[in-house]
Amino acid sequence: MGMFFAKACAAARQTLAVAYATIAFLPVKLALYLRCVVSTGENLILGIESSCDETAAAVVAGGRRVLSSIVASQVGIHRQYGGVVPELASREHLRQIVPVVREAVEQAGIALRDVDAIAVTRGPGLIGSLLVGVTYGKVLALALGKPLIAVNHLEGHIHAVLLEAHAGGRRPAFPAVCLIVSGGHTILCHAKSEALSGAARLSYARIGGTRDDAAGEAFDKVAKMLALGYPGGPVVDALAAHGDPRAIRFAEPKMKGNPYDFSFSGIKTAVLYHLRRNPQLQPEIEARRQALARGECGADALRTLATPATLDLIASFQRAVVDDLVNRTLAAAAQYAVATVLVSGGVAANGELRRKFEAEARRHGLDLFFPSRALSTDNAAMIAAAGYARFLSGERENSSLDADPGLSLA
Ligand code: KG4
Ligand code: ZN
């Protein structure tokens, strides 16, 4: 840890030096533009996100205007293992954090010293990955003499929705039911807002969550069984459009106890049994495995190696997961008598999920909000936006801040 801290200190010093050097050589025109951005009086928050396999940094002005959002994805590294390898993830974060923060600051057209606070993801996530962001954030805050704000990654996903809504001139009414659905999480919560100098400071109550796999994890595991590459969600999304979602009926997960809990391991096992009952699907799985090994991992290439029977299986699986997510979320919205539903997290990028949610929300007269696809998956703009509300309410961390891999939202 001592060596890591020394490395992080050196990295922070290097970032500062580069940022100052860059600023010193900025052309006059750019300098004038910068003064313009900074002089709007909006607080600038530098967000840092490293909870899983994306190293991200962003600068957000006034909690709403995204000046830059840089995401260095590690997908290429983890793809060959079919999932995130924690040790490789933390090593890669360590390599990426300095250039990613530097690029976010440069693209925002500011200098590091212009930021008003640094917001960093504290948890939940992989401990080694979180530690890189938290330690770097602490060192940077200390070196710059700026406040440090700790952000819950899940709250970040909710703020991604708000960022996008504001950009589109919409203002979600609270209370709301929020579905956070990603590779690591599937959570339903009730969110209340206390308006605070223009920034929504939200408080949360848990309604339900997954008892086993997260929805994104189910997409990834089924994609692995079918040799569709990693991450599975985007490929399943693209291929499902070419299959019949009613071809195979998967039983709806029955939840004893809390009806707002989820369970996706049953659907995943049902896909496994379907493959065992249909050995004729094995040769194409093997062909796709070989294509993936050759680096042919695009949806178009994989589609040419998928028979109609496989496309039907993929579409039916996706429909079962989507139906369950939408039905339980809308039931919770009715139970809690809210008029607003927010959906975010990597799986919120899913086309079928968006279509079904939109159709059902219209039918039930609910106001529905999704982030853009870019802000659905992990990014640091959402961390900066969530940090802004905490910054306004006076929250500050000190150098004893620690990463918390099991941090809960409520
Ligand atoms: O939010 P995120 O980037 O990271 C976590 O916090 O987990 O979500 C990544 C997850 C992966 O499981 C990926 O397969 C899934 O989101 N995903 C999708 C789609 N795009 C990403 N799942 C379904 N359809 C998609 N289009
Ligand atoms: Zn996430």
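Consider R328 carefully, then state whether it is closer than 20 Å to R211 by Cβ, outside any strand (DSSP E or B) and more than 16 Å from ligand 1 (Cβ to nearest atom).
Yes, satisfied.
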Task: Conditions (1) over 21 Å from the mean Cα position of the chain (by Cα); (2) within 16 Å of ligand 2 (Cβ to nearest atom); number of the one not met by N379 - done: (1)
Open item on the list: Just to be sure I understand the filter: pairs with C-beta atoms under 7 Å, separated by 6 or more residues or on different chains, first member in region 271-295 and in contact (Cβ under 8 Å) with a residue 12 or more places away in the chain, second member exposed (fewer than 11 other Cβ atoms within 10 Å of the Cβ) and basic (K, R). Which pairs pass?
Closed with: none
- [ ] Determine whether region 248-256 contains at least one residue that is assigned to a strand (DSSP E or B) and more than 23 Å from S316 (Cα to Cα).
- [x] no
Task: Residue within region 120-134 that is closer than 30 Å to Q290 by Cα and part of a strand (DSSP E or B) present - done: no
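For region 82-96, indicate whether the set of residues that are of a type in the set (S, T, N, Q), without any contact (Cβ under 8 Å) to a residue 60 or more places away in the chain and under 30 Å from Q290 (Cα atoms) is non-empty.
Yes, some residue in region 82-96 is of a type in the set (S, T, N, Q), without any contact (Cβ under 8 Å) to a residue 60 or more places away in the chain and under 30 Å from Q290 (Cα atoms).
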Task: In region 219-243, residue farthest from A299 (Cα to Cα) [restricted to those that are open to solvent by less than 10 Å² (accessible area, probe 1.4 Å) and within 8 Å of ligand 1 (Cβ to nearest atom)] - done: F219
Task: Residue selected from region 193-215 under the condition more than 29 Å from F317 (Cβ to Cβ) and modelled with pLDDT of 95 or more, by the criterion surrounded by the fewest Cβ atoms within 10 Å (Cβ to Cβ) - done: A205
TODO: Using the structure shown, decide if S68 is modelled with pLDDT of 80 or more, hydroxyl-bearing (S, T, Y) and either surrounded by 13 or more Cβ atoms within 10 Å (Cβ to Cβ) or farther than 30 Å from R289 by Cα (or both).
DONE: yes
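Among L313, L330, which is farther than 17 Å from P231 by Cβ, at pLDDT 95 or above and surrounded by fewer than 24 Cβ atoms within 10 Å (Cβ to Cβ)? Working first, answer last.
Details: L313 fails: surrounded by fewer than 24 Cβ atoms within 10 Å (Cβ to Cβ).
The unique qualifying residue is L330.
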Task: Matching residues, region 335-363, being in a helix (DSSP H, G or I), open to solvent by 10 Å² or more (accessible area, probe 1.4 Å) and touching a strand residue (DSSP E or B) at 6+ places or on another chain (Cβ under 9 Å) - done: Q335, G346, V347, R354, E358, E360, R362
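Does E164 satisfy the condition of being touching a residue at least 40 places away in the same chain (Cβ under 8 Å), under 26 Å from P371 (Cα atoms), open to solvent by 30 Å² or more (accessible area, probe 1.4 Å) and under 17 Å from the mean Cα position of the chain (by Cα)?
Details: touching a residue at least 40 places away in the same chain (Cβ under 8 Å): yes; under 26 Å from P371 (Cα atoms): yes; open to solvent by 30 Å² or more (accessible area, probe 1.4 Å): yes; under 17 Å from the mean Cα position of the chain (by Cα): yes.
Answer is yes for this residue.
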Open item on the list: Between V101, V105, V120, V115, which is at pLDDT 95 or above, within 30 Å of F262 (Cβ to Cβ) and in contact with a helix residue (DSSP H, G or I) (Cβ under 8 Å, 6 or more places away or on another chain)?
Closed with: V120
- [ ] Select, from A223, A205, A173, the only residue that is more than 16 Å from ligand 2 (Cβ to nearest atom), in a loop (DSSP other than H, G, I, E, B) and aliphatic (A, V, I, L, M).
- [x] A173
Open item on the list: Looking at region 371-387, can you tell me whether even one residue there is away from ligand 1 (no atom under 12 Å from the Cβ) and at pLDDT below 95?
Closed with: yes
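The values are calculated or read from the model by the stated rules, or taken from the named source; none is laboratory data. Keep in mind it's a predicted model, so treat the numbers as computed, not measured. Every residue, glycine as well, gets a Cβ built from its backbone with ideal geometry; the counts of neighbours run over all protein chains shown. The area values use the complete protein model at the heavy-atom level, side chains included, leaving out ligands, DNA and RNA. Shrake-Rupley method; radii C 1.70, N 1.55, O 1.52, S 1.80 Å.
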